[in-house]
Amino acid sequence: MLSVDAARERVVAICAGRRMPVESIPLHEAQGRVLAVDAVAGHDIPAFANSAMDGFALRGADLPEVGERTFRILATRLAGDASSIQCGVGECVRVTTGASMPGGVDTVIIKERVRVEGGEIIVSAGEQAGSHVRARGDDIAAGEIAVARGERIDFVRLGVLATLGMARIPVHRRPRVRVLTTGDELVMPGDPCNTAQVYNSNGYSLAGMLRHIGIEPVGVHQGESDLPFLHVRDERDLLGVALLKAAADADVLVTSGSVSAGEADFLPGLIAELGQVHFWKVRMRPGMPFLCGEIGRCLVFALPGNPVSTMATFHYLVRPGLEALLGSARVDLCTRHARLAASITKRHERTEFLRGRLDFREDGSLWVRPLAKQGSSMLRGMLDADAFIVMPETSQSIAAGEPVQVIPFNDAY
């Protein structure tokens with residue numbers, strides 16, 4: 001067995017070597033995608049000095065040190081006006097926010113701080129030269145990397161790319177990912193379920209986790225429905241056919257179940273027979289039977305079938321690999337440190353991922369409370385949790401109040 005960190009490093013290294021090719025897409029379709037090149041500013045932003053407020057542009061050297069001074073209004077300049085206006089001593093121009101600064105001026109006095117009398121304004125002492133002016137290049141300088149390659153494009157970066165004038169964006173293609181679930185005991189929600197069966201939750205959870213990182217799983221027409229996953233019974237020949245068919249047109253295949261060492265766990269042998277196993281079994285709980293392999297050019301991640309095991313292995317092992325495939329610079333998990341609200345213990349020598357609930361206390365410290373339902377089949381424990389508590393394989397107990405590493409489910413932490 002590999003340690004969880006070694007397994008994760010192997011997955012990321014394998015995926016980084018198969019990074020998705022680059023494609024060019026329209027700017028309005030770029031949100032959520034991973035930028036494939038550095039977006040470099042071709043010009044200063046802003047490209048010209050402009051007013052930060054509605055007011056009057058004038059020479060800072062003309063401001064009165066005591067008393068008042070009168071300035072003659074030459075013209076009004078609105079944002080977008082590129083006409084030539086030159087101010088002299090004792091002159092000013094009415095400007096709106098964003099308007100380019102007229103020639104000869106370096107200061108804007110906001111309109112609420114002047115008196116307007118006919119074609120003149122009266123300014124009192126106390127104003128500062130250089131006020132309320134946005135300098136050229138004050139935001140982003142020409143030649144500066146505004147958005148780095150590998151960054152996922154959110155609404156802020158989308159606005160920056162638009163500001164750079166980029167109409168088409170080079171991004172890494174999203175991988176074609178197929179999802180396959182196994183198990184005679186699983187039935188689809190809505191279908192009859194006998195006393196020895198359970199409803200298939202993993203197919204829906206895996207599809208949801210893929211969508212969370214911007215990947216839409218390849219749909220499958222099964223029965224009377226179009227589903228984001230294929231379900232196959234525990235029959236070796238059927239599984240072999242399904243594996244070959246899925247691998248033929250996918251970049252990645254994610255499976256759930258049939259990966260341990262039981263009588264009906266056919267996937268390890270089939271993947272070794274049809275392709276290659278990179279590693280099988282990881283020193284983690286839940287999730288020990290995790291397998292990483294390939295069939296042809298299709299990467300295969302075989303996850304254990306217990307629902308929490310499926311989620312834990314996807315979150316800690318598969319997601320970083322998919323981020324590497326996408327060319328993302330962020331393959332590291334979002335981890336934090338919190339203090340334990342109650343002690344935890346274990347009897348094995350594997351890294352354990354306990355479900356916990358985070359809590360910011362009044363003093364600003366972050367605490368985490370281990371939840372009662374920790375079984376790998378207990379979805380309620382995941383429902384109530386918002387983080388994994390990472391208990392290292394070398395630790396047998398951690399006392400209440402001690403710091404622990406946590407992996408929040410929500411990146412906002």
Practice task
Can you run down the residue pairs with Cβ atoms below 8 Å, 6 or more apart or on separate chains, where the first is in region 279-304 and touching a residue at least 40 places away in the same chain (Cβ under 8 Å) and within 19 Å of residue 16 (Cβ to Cβ) and the partner is outside any strand (DSSP E or B) and of a type in the set (Asp, Glu)?
Solution key: 297/251; 298/251; 299/251
Problem - region 97-134, subset in a loop (DSSP other than H, G, I, E, B) and loosely packed, with under 15 Cβ neighbours inside 10 Å, residue modelled with the lowest pLDDT - result: 118
Problem - region 6-30, residues that are surrounded by 15 or more Cβ atoms within 10 Å (Cβ to Cβ), outside the structural domain of residue 283 (by TED's automatic domain parsing) and part of a helix (DSSP H, G or I) - result: 27
Exercise for the section: Show the residue pairs that are 6+ apart or on different chains and have beta-carbon atoms under 8 Å apart, the first residue being within region 84-109 and within 11 Å of residue 132 (Cβ to Cβ), the second being aromatic (Phe, Trp, Tyr). Expected result: 95/56; 101/48; 108/56; 109/56
Handout entry: region 353-376 residues that are in contact (Cβ under 8 Å) with a residue 60 or more places away in the chain and within 21 Å of residue 288 (Cα to Cα), paired with ones that are outside any loop (DSSP other than H, G, I, E, B) and hydroxyl-bearing (Ser, Thr, Tyr) (beta carbon under 8 Å, 6 or more apart)
Key = 353/316; 376/309
Fill in the blank from the handout: Residues of region 373-413 being surrounded by fewer than 19 Cβ atoms within 10 Å (Cβ to Cβ), touching a helix residue (DSSP H, G or I) at 6+ places or on another chain (Cβ under 8 Å) and of a type in the set (Gly, Ala, Ser), in sequence order, are 375, 377
Completion exercise
The residue from 301, 314 that alone is crowded, with 21+ Cβ neighbours inside 10 Å, among the aromatic types (Phe, Trp, Tyr) and part of a helix (DSSP H, G or I) is 314
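The values are calculated or read from the model by the stated rules, or taken from the named source; none is laboratory data. Every value quoted in this text rests on a predicted model; they were computed, and no experiment measured them. Note: ideal-geometry Cβ built from the backbone for every residue, glycine included; neighbour counts use all protein chains shown.
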